[in-house]
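So that we are looking at the same thing, I have put the structure below in structure tokens.
The values are calculated or read from the model by the stated rules, or taken from the named source; none is laboratory data. Everything numeric in this text was worked out from a predicted model, so none of it was measured. Please note: Cβ atoms are built from the backbone with ideal geometry, for glycine as well, and neighbour counts cover all protein chains shown.
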There are 2 protein chains.
Amino acid sequence: MSLADSHPRQDGPGRGRPRSEAVERSIMEGVLKLLEEGVPLAELSIERIARTAGVGKATIYRRWSGKEALFVDVVRAAEPPDPELPGTSVRDDLVALMEQLRRRGLMTRSPVLLHNVIAQMKSSPKIWDAYHANVVEPRRRKQHAILRRAQENGELRTDIDVDVMNDMIFGPMLVRAVMRPDADLPEGLAEQMVDAVLEGLRPVSSRTP
Amino acid sequence: MSLADSHPRQDGPGRGRPRSEAVERSIMEGVLKLLEEGVPLAELSIERIARTAGVGKATIYRRWSGKEALFVDVVRAAEPPDPELPGTSVRDDLVALMEQLRRRGLMTRSPVLLHNVIAQMKSSPKIWDAYHANVVEPRRRKQHAILRRAQENGELRTDIDVDVMNDMIFGPMLVRAVMRPDADLPEGLAEQMVDAVLEGLRPVSSRTP
């Protein structure tokens, strides 16, 4: 008998209501618990997750299409949330996004959760693809939109491809956060990187000095 | 893929002599042949490599400490060679290094060798560590030396850590070459990235306009 099944849904798809949220959270926490216990991803069956969370398999399948989708949600919930963008300037928006990336990097440095989770994720092409499609690509589209708008309103030069510009801005932090686990990620790094790279990405007329 | 333009190490007794070079090349080509045939790294024993190359196991062990060291040399030989640095300016040296990275990225895009080799390498922490210690770290030290010298002679600002600067310069190309297999790597990208990022990394007094 699952917890959710004993409380019939009252309306709609059930998402967003406190009861449903609690069930979702306990399922995702079940996944985290198993991962923290060192259970490899390959052995994380929906059945085992259901048992750990104290729900029925059907309760999980009502919310996620399968292990991949559930796992991607677990990772997304464990990562720093997408920041509110100040919207005051392209500089401030970029700093906010870079700061999120820096914090995510710091989280993967702690010898615990996110590090193992991401390593496991990389070992499964199917989950890695789902993570990319559902987390990485939407972030990237948001970044592109910010850059395109800044090109339109004259904050950024227009002779560099938006996708190239995107890597010029976020690539350095991404490399330090993801590829170089020994690299420092000090407070203030997001601001320093954004300010320096923007010097070369602004229209010539608005550069320092 | 052939290793015809490879550059054998010069650091051991007997290295660099024609006879020894030919043997080394046939051994390394043996490894490539097996990899191209789809033999997984885990099944690539020294014995099998020796058989493929038509040499004795002792011949291999005289040149390499083991499978890891041999494999790292195979990858290094398959990658674009380290460029001659023009030495005319930090800009020109950086463009040369970025261009190498761009070409390496293009090579991993071809559906053949380097792509599989690098994927295999990543799946073996021991070989990945050896590759980092013997290929990636020396490159990084060379890059740092270039940047430090440019800071000393006034070509680069001194208030940004050399290691951070290094990621600001090489990170964008690295991300495109290694993490984003679908990203374009057009001719001229190295120059464009270096010129734009240097605008923010030069001392204020020497910036454009």
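B:L185 is checked against (1) free of Cβ contacts under 8 Å to residues at least 24 places away in the same chain; (2) aliphatic (A, V, I, L, M); (3) within 20 Å of B:A78 (Cβ to Cβ) and fails just one. What number does that condition carry?
(1)
Can we say A:L201 is over 11 Å from B:M168 (Cβ atoms) and either more than 8 Å from chain B (Cβ to nearest Cβ) or under 20 Å from the mean Cα position of the chain (by Cα) (or both)?
In short, no.
Would you check if A:V135 is more than 8 Å from every other protein chain (Cβ to nearest Cβ), among the aliphatic types (A, V, I, L, M) and over 20 Å from the mean Cα position of the chain (by Cα)? I'd like the intermediate steps shown before the answer.
On the way: more than 8 Å from every other protein chain (Cβ to nearest Cβ): yes; among the aliphatic types (A, V, I, L, M): yes; over 20 Å from the mean Cα position of the chain (by Cα): no.
No; evaluated as a whole, the condition is false for this residue.
Is it the case, given these coordinates, that A:Q151 is away from chain B (no Cβ under 13 Å) and not charged (D, E, K, R)?
For A:Q151, the condition - away from chain B (no Cβ under 13 Å) and not charged (D, E, K, R) - is met.
Can you say whether B:D167 is of a type outside the set (S, T, Y), assigned to a helix (DSSP H, G or I) and either free of Cβ contacts under 8 Å to residues at least 24 places away in the same chain or more than 9 Å from chain A (Cβ to nearest Cβ) (or both), as far as the supplied structure shows?
In short, yes.
Still on this structure, I have one more. Kindly list, by first and then second residue, each pair from a residue in the stretch A:130-141 that is among the aliphatic types (A, V, I, L, M) to a residue that is crowded, with 16+ Cβ neighbours inside 10 Å, limited to pairs with Cβ atoms under 8 Å and residues at least 6 apart or on different chains.
Correct list of pairs: A:A130/A:E68; A:A130/A:F71; A:A130/A:V72; A:V135/A:V72; A:V135/A:V75; A:V135/A:E79.
Among all residue pairs at least 6 apart or on different chains, which show Cβ distances below 7 Å where the first residue, located in the stretch A:73-100, is aliphatic (A, V, I, L, M) and the second is part of a loop (DSSP other than H, G, I, E, B)?
The qualifying pairs are A:V90/A:E155; A:V90/A:L156; A:A96/A:P83; A:A96/A:L85; A:A96/A:P86; A:L97/A:P83.
Separate question: Checking B:E29 against (1) under 19 Å from the mean Cα position of the chain (by Cα); (2) in contact (Cβ under 8 Å) with a residue 40 or more places away in the chain, which single condition isn't satisfied?
That leaves (2) as the condition not met.
Looking only at the stretch B:170-182, filter to residues that are touching a residue at least 24 places away in the same chain (Cβ under 8 Å) and more than 7 Å from every other protein chain (Cβ to nearest Cβ); which one of those is surrounded by the most Cβ atoms within 10 Å (Cβ to Cβ)?
If we filter the stretch B:170-182 for residues that are touching a residue at least 24 places away in the same chain (Cβ under 8 Å), which is where we start, we get B:170, B:172-174, B:176-178, B:181.
Filter again for more than 7 Å from every other protein chain (Cβ to nearest Cβ), leaving B:170, B:173, B:177-178, B:181.
Details: B:F170: 24, B:M173: 27, B:A177: 23, B:V178: 15, B:P181: 11.
The residue in question is B:M173.
Let me ask something else. Suppose the filter is touching a Ser or Thr at 6+ places or on another chain (Cβ under 8 Å), charged (D, E, K, R) and modelled with pLDDT under 85; does A:D5 pass it?
The answer is yes for A:D5.
Could you count how many residues in the stretch B:29-54 are part of a helix (DSSP H, G or I) and closer than 20 Å to B:K122 by Cβ?
8
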